[in-house]
1. Count, please, the residues in the stretch 98-121 that happen to be in a loop (DSSP other than H, G, I, E, B) and surrounded by 12 or more Cβ atoms within 10 Å (Cβ to Cβ).
2. Under 7 Å by Cβ, and 6 or more places apart or on different chains, what pairs join a residue from the stretch 274-293 that is surrounded by fewer than 19 Cβ atoms within 10 Å (Cβ to Cβ) with one that is in a loop (DSSP other than H, G, I, E, B) and at pLDDT below 95?
3. Can you tell me which residue among L239, L266 is crowded, with 16+ Cβ neighbours inside 10 Å and in contact with a Leu (Cβ under 8 Å, 6 or more places away or on another chain)?
4. Out of all the residues in the stretch 43-71, which are closer than 19 Å to I326 by Cα and aliphatic (A, V, I, L, M)?
5. Take S317 and decide whether it is at pLDDT 90 or above and surrounded by fewer than 16 Cβ atoms within 10 Å (Cβ to Cβ).
6. If you check A215 against the conditions, is it in contact with a strand residue (DSSP E or B) (Cβ under 6 Å, 6 or more places away or on another chain) and surrounded by 19 or more Cβ atoms within 10 Å (Cβ to Cβ)?
7. All but one of (1) surrounded by fewer than 19 Cβ atoms within 10 Å (Cβ to Cβ); (2) in contact with a helix residue (DSSP H, G or I) (Cβ under 6 Å, 6 or more places away or on another chain); (3) not in a loop (DSSP other than H, G, I, E, B) hold for G191; state the number of the condition that does not hold.
8. What number of residues within the stretch 75-128 are closer than 30 Å to R322 by Cβ and charged (D, E, K, R)?
Amino acid sequence: MAALVATPRRAGSPRGIRDGEAVTGWIFTLPVLLILGVFMLVPVLMALWVSFSDWSGRGSPLSSDVGFVGLDNYAAVTTDGGLAERDFGVALRNNAWYVLLVVPLQTALSLFLAVLVNRAVLRGRGVFRTAFYFPSVTSSVAITVLWLFLFSTSGVVNAVLARLGITGPNWFNDPSGVLHNLLGALGVQSGPDALTQHGLLGVTWWDWLAGPSVAMSAFVIMAVFTTSGTFMLLFIAGLQNLGPDVDEAAMMDGANGWQRFWRITLPQLRPTLFTVLTLGLIGTWQVFDQIYTGTQGGPGKTTLTPAYLSYQSAFLSQEWGRGAAIAFILFVIIVLMTILQRWILRERR
C-alpha cells in the first residue's frame, strides 16, 4: 500500500523541470537577452524619448539641453494643418494604396505558385521553385535599378506595349492617379463637393480616392514580383503538412478541384495564411529602400511613404523629433492592422 501512495510534489516546483534546469536555461539565454536589450530595446526607448523632445541631432538626446515638448511632434504631422501634416497624409495615402494592392496580389500569386509546384505530376519542380524564389534573394537595390530601366520611357515594357498598339506611360515621371485616369477616360474630370471640400490629414477625399500613381503602380508590380517567391515557400511547407485523407474523401463524394481547394485545403492553411498576411502587411508598410533608390518620393510626392518621410524629416530636414514621431505612428498602424487581421482570421465556431 505504501508503494501505491504518490509522493507529494513540492509547492512551486514546475512540472517536468528538474532543480537547476530553469537557472541553466536563463544562463544560456542571458547573452541573447543582453544583446537584444542593448541594441534593440534601449535604442527604441531612446527614439521614443526623441519623439517627445526637441533634440537637434547634436550631442546626446539625454543631455540637459534637450527639452520635453510633449505631443508637439505628433501634432505637427496630424493636426497642425501645415505642410508637415499634408506630407504625412500624402505618404499615408500612397502607402495605403500600396498595401491594398500588394498584399492581396502577392498572397494570391504565392499561393497559386505553391499549389502549382507542389503537384506530383509536375516535372522539374525543383527548377521551378528555384526560378520563382530567385527574385526574393536578389538585392532590392539591384531590382529597383533594373525596374527603372525596364519601365523607362524607351524601356522594354513600353516597347512591348507599343507592339500591342498601346502607348505606354512615362512610368516613373507620371504623378497622376490610376483611378483618376480611368474616371477621366469616362469623362469625369472632378469629384463632387463632398469629396473635394473635405478630407483627412490635409488631403481631400477626392485625392485619397485617386488610387496609386502610375509611378507607384510600377513599385506595386515590383513588390509582387520580388516577394511572391518567399511566401510561396511558406505555402509549400503548409501544403506538405496536410494529410491526403480528407481530400481523397471529398473526391470520393464528388467534390471537384475548386471545391476541394476552397472548402478543405484553404481552411487548413489558415495558420500559414495568417503568417503570410502578417509578414506582407509589415513589409509593405515599411517600404523604404525601393523609394530611396528609385524616386525619393517623386514625382509630385506620389511615391512618398511614411518610412521614407521619417528618414527625410530626421536625416535631411534635421527634424529628429518629427521623424521619430512618424516612425512610432507607423508602428501603431502596423500593430492595429495586425490585430484586425488576426480578428478577421480567427477560428469561428
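The values are calculated or read from the model by the stated rules, or taken from the named source; none is laboratory data. Predicted model, so just to flag it, every value in this text is computed and none were measured. Ideal geometry is used to build each Cβ from the backbone, glycine not excepted, and the neighbour counts take in all protein chains shown.
1. As a first pass, look at the stretch 98-121 and keep what is in a loop (DSSP other than H, G, I, E, B): 118-121.
Of the ones still in play, those that are also surrounded by 12 or more Cβ atoms within 10 Å (Cβ to Cβ) are 118.
The number of residues fulfilling the criteria is 1.
2. Matching pairs, first to second residue: F274/L345.
3. Selected residue: L239, the only one of L239, L266 that is crowded, with 16+ Cβ neighbours inside 10 Å and in contact with a Leu (Cβ under 8 Å, 6 or more places away or on another chain).
4. Residues satisfying the conditions are V44, L45, M46, A47, L48, V50, V69, L71.
5. Against the criterion (at pLDDT 90 or above and surrounded by fewer than 16 Cβ atoms within 10 Å (Cβ to Cβ)), S317 qualifies.
6. No.
7. That leaves (3) as the condition not met.
8. Count: 5.
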